[in-house]
Amino acid sequence: MSELTRRDFLKHASLGLAATGVAGLVLRAEAKPTAASKNIEISESVLQQMGEPPLPIVMQDNLKPTQKSQLGPFYRAGAPFRAKVTPPFEPGTVLIVSGRVWAFDTKRPLSGAVLDVWHVDHNGNYSSGDSSDKNGFRNRARLITSESGYYEFEAIHPIAYEPNPGFWRSAHIHYKITHPGYKTLITELFFEGDPKHDIDPLFQTALMVKIAKQQANGQTYESAIFDIVLEAGTGMQGD
Ligand SMILES: [Fe+2]
């Protein structure tokens, strides 16, 4: 690596670390390089399993810029980057949400988009977002879309809840999506068939997804696909 290239790499790497809040991390002194496995044979079927599910990577004609929603009072910045939003054995029905983030101007997937997601637990409560609390970011996470704009996370199907007497929210998952060159989008995902849609003043049909029942290892879980379309520009989408 030339010195110029190396300097450029270090500059970008440190900017990336600073952006993700890990600039102060130091590898412990006794750490050794991780040993390679002796068996590196990987069958074709395993490689296929490792790939992304076959969601289309051509933007469908009917996709429009995704509708905005309200940020709400429970967003907390700084959630960890992870694809499992819930801790182990979180009560509730396991839900896998996947999709792609698209650019409306180019009709192409957007890689490197940052998604912030957060939802209530099985009692209708949000975690505190307090980083000094080990449960502070429970049911909150950030994800980065792959080179084909793909994202996937494991959560639970959140319940409907009543934040104020007489004010109901149908089950939903909040999203905040950012990407350089594109408007920031605050939105949320709703579930088809939720009985509280009619009494949730913030419900939007355009943001509703279908739930598919799946089976694995003798247990059932749910899956849903939520594609997101961003508009080029600055500021907030939908304003
Ligand atoms: Fe909410």
Would you please give the FRET efficiency between ALA232 and PHE74, computed as 1/(1 + (r/R0)^6) with r the Cβ-Cβ distance and R0 = 41 Å, to the nearest 0.05? 0.90
Any chance you could run the full-extension gain for LEU63 through ASN217? It's 0.36 nm times the residue separation minus the Cα-Cα distance, nm to one decimal. 51.9 nm
Additional length obtainable on full extension of the chain from LYS84 to HIS122, 0.36 nm per residue less Cα span: 12.1 nm
Tell me, in nm to one decimal, what length is gained between LYS134 and LEU27 on full extension, where the rule is 0.36 nm per residue of separation less the Cα-Cα distance? 36.3 nm
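Take the residue pairs LYS68/LYS107; LYS107/LYS210; LYS84/LYS107; LYS68/LYS196; LYS107/LYS213; LYS84/LYS134 and return only those whose Cα atoms are more than 27 Å apart.
Values: LYS68/LYS107 19 Å; LYS107/LYS210 23 Å; LYS84/LYS107 29 Å; LYS68/LYS196 20 Å; LYS107/LYS213 30 Å; LYS84/LYS134 15 Å.
From LYS68/LYS107; LYS107/LYS210; LYS84/LYS107; LYS68/LYS196; LYS107/LYS213; LYS84/LYS134, over 27 Å: LYS84/LYS107; LYS107/LYS213.
Bear in mind that the values in this text are calculations on the coordinates, not laboratory data. For clarity, every value in this text was computed on a predicted model and none was experimentally measured. With ideal geometry, Cβ positions are generated from the backbone for all residues, glycine too; neighbour counts draw on all protein chains shown.
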